[in-house]
Amino acid sequence: MQYWPDQTNTSVTRGKFDITVTSLVPSAEYQIRKIQLKSKFDPEHERTVTHMLYTAWPDHGVPRNAMSLISFIHRVRREHPVSLTTPLLVHCSAGVGRTGTFILLDVSMQQMKRECTLSVFQHLKNIRTQRMKLVQTQAQYVFIHDSLSELVVCGETDVAAGNIRIRMMQLQKPVPGGLVGFQKQFETLEEVSSQCEASYQEAKAKYNAGKNRFPDKLPNELGRVRLRFGPKPGSDYINASFIDGYKQRKAYIATQGPMEGTVADLWRMIWEHNCSCIIMLCQTQEKGQVSSHCFWPEGEKEEAVYGKLRVGVKRVSITVTS
């Protein structure tokens with residue numbers, strides 16, 4: 001049950017307490033609310049509570065991005081530093097699986113930072129004496145280890161906006177191995193990304209081979225855009241992926257330049273997902289090769305039919321910059 005008001009600057013009463021959301025900061029993976037709490041037992045005083053809702057945890061399983069939850073924990077600790085003596089309230093539905101995963105990961109990150117050691121098994125054994133079934137599944141237990149492993153490899157990558165120039169200067173300096181920091185960080189990113197387990201079942205299916213411009217640039221099953229089902233296997237496939245933005249999940253669709261045989265699918269995707277703006281970052285031909293088939297009528301006021309959609313050019317505007 002939701003226990004806070006839907007809108008900012010609105011209040012609800014729960015028992016002897018008036019609860020008001022005074023601000024909301026959304027992002028693609030979490031929401032942060034400031035809540036004003038007034039008690040009818042003590043009407044002269046009020047308290048401010050920070051409510052942090054992590055929205056990227058699926059109903060079943062674990063987050064697909066370990067660094068997403070790690071970054072969220074860093075954000076939590078900026079709001080509620082370890083130095084505070086008041087307890088940090090953590091809950092999910094039953095208060096054991098996801099709750100235990102968060103707590104064990106947070107505790108392990110603190111230990112790793114202070115002692116450069118990890119005692120994941122021992123910590124879990126200890127906290128399970130305090131509440132049953134914390135970290136409920138093997139998948140959650142493995143996820144904790146994967147997350148800590150990724151944190152060891154990548155380090156803490158969040159940077160305050162005011163420190164970005166300092167961070168850039170640090171990354172331009174040589175590091176052990178003969179690389180500069182930028183090169184080392186990018187190599188680490190490539191290594192971590194290559195270890196991510198993902199299924200490419202539809203993208204690699206033989207009946208979809210002709211829909212991929214490059215055989216090694218494919219959408220995985222978790223992120224791929226699905227077209228509405230047609231009558232044949234593969235008719236829901238297009239080489240396109242949903243990408244999260246800063247404040248919105250699935251804020252972007254990243255796709256390849258359409259091929260002659262996939263232009264109709266491109267317009268079908270645009271129609272089905274109500275895309276009102278298309279950003280094209282290539283020419284139709286580059287280095288003597290087709291990089292994107294022309295997917296619009298050539299002239300102003302002209303129309304063309306792609307699959308079951310009629311597309312017309314209403315206006316052409318050309319801007320030249322020096």
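Laboratory data are not the source of any read-out in this text; all were calculated from the coordinates shown. Only a predicted model underlies this, so the values are computations on that prediction, with no experimental measurement involved. With ideal geometry, Cβ positions are generated from the backbone for all residues, glycine too; neighbour counts draw on all protein chains shown.
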Exercise. Tell me which lysines have Cα within less than 16 Å of Lys301's Cα, excluding those fewer than 8 residues away on the same chain?
Worked result: Lys314
For this session: Return, for the Cα atoms of the range 207-296, the radius of gyration and Dmax in Å, separated by a comma.
Result: 13.2, 39
Exercise. Could you put Met1, Met109 in order, starting from the residue whose Cβ has the fewest other Cβ atoms within 10 Å?
Worked result: Met1, Met109
For this session: Would you calculate the separation in nanometres between label points at Ser317 and Thr137, each defined as 7 Å from the Cα along the Cα-to-beta-carbon direction?
Result: 4.9 nm
Exercise. Of (1) 1.06; (2) 1.04; (3) 0.96, which one was derived for Rg/Rh (Cα atoms, Kirkwood Rh) from the structure shown?
Worked result: (2)
Exercise. Aspartates and glutamates within cross-link reach of Lys206: Cα-Cα under 17 Å, excluding same-chain residues under 8 positions apart?
Worked result: Asp216, Glu221, Asp236
Seminar exercise, completed: When Cys277, Cys154, Cys294 are ranked with the fewest other C-beta atoms within 10 Å first, the list becomes Cys277, Cys294, Cys154
Problem set entry | Rounded FRET efficiency, nearest 0.05, which uses the C-beta distance separating Phe214 from Gln36 and R0 of 56 Å | 0.55
Seminar exercise, completed: Length gained if Thr86 through Leu171 is fully extended, taking 0.36 nm per residue and subtracting the Cα-Cα distance, is 26.8 nm
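What does the charge dipole of the chain about its Cα centre add up to, to the nearest 20 debye, if the Cβ of each Lys and Arg holds +1 and the Cβ of each Asp and Glu holds -1?
It works out to roughly 540 debye.
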Seminar exercise, completed: With the dipole of the chain defined by +1 on each Lys or Arg Cβ and -1 on each Asp or Glu Cβ, the option from Ala94, Val290, Ser317 whose Cα lies farthest towards the positive pole is Ala94
Exercise. Going toward the positive end of the dipole of the chain, with +1 on Lys and Arg Cβ and -1 on Asp and Glu Cβ, which of Val12, Gly181, Thr157 do you reach last?
Worked result: Val12
For this session: Compute the length gained on full extension between Val49 and Glu190: take 0.36 nm times their separation in residues and subtract their Cα-Cα distance, giving the result in nm to one decimal.
Result: 46.8 nm
Exercise. Which whole-angstrom value gives the distance between the alpha carbon centres of the range 58-120 and the range 257-277?
Worked result: 41 Å
Seminar exercise, completed: Partner lysines whose C-alpha sits under 28 Å from that of Lys34, ignoring same-chain residues fewer than 8 away, are Lys16, Lys247, Lys250
Exercise. Relative to the longest principal Cα axis of the chain, at what angle does helix 181-194 sit, 0 to 90 degrees, rounded to 10?
Worked result: 80 degrees
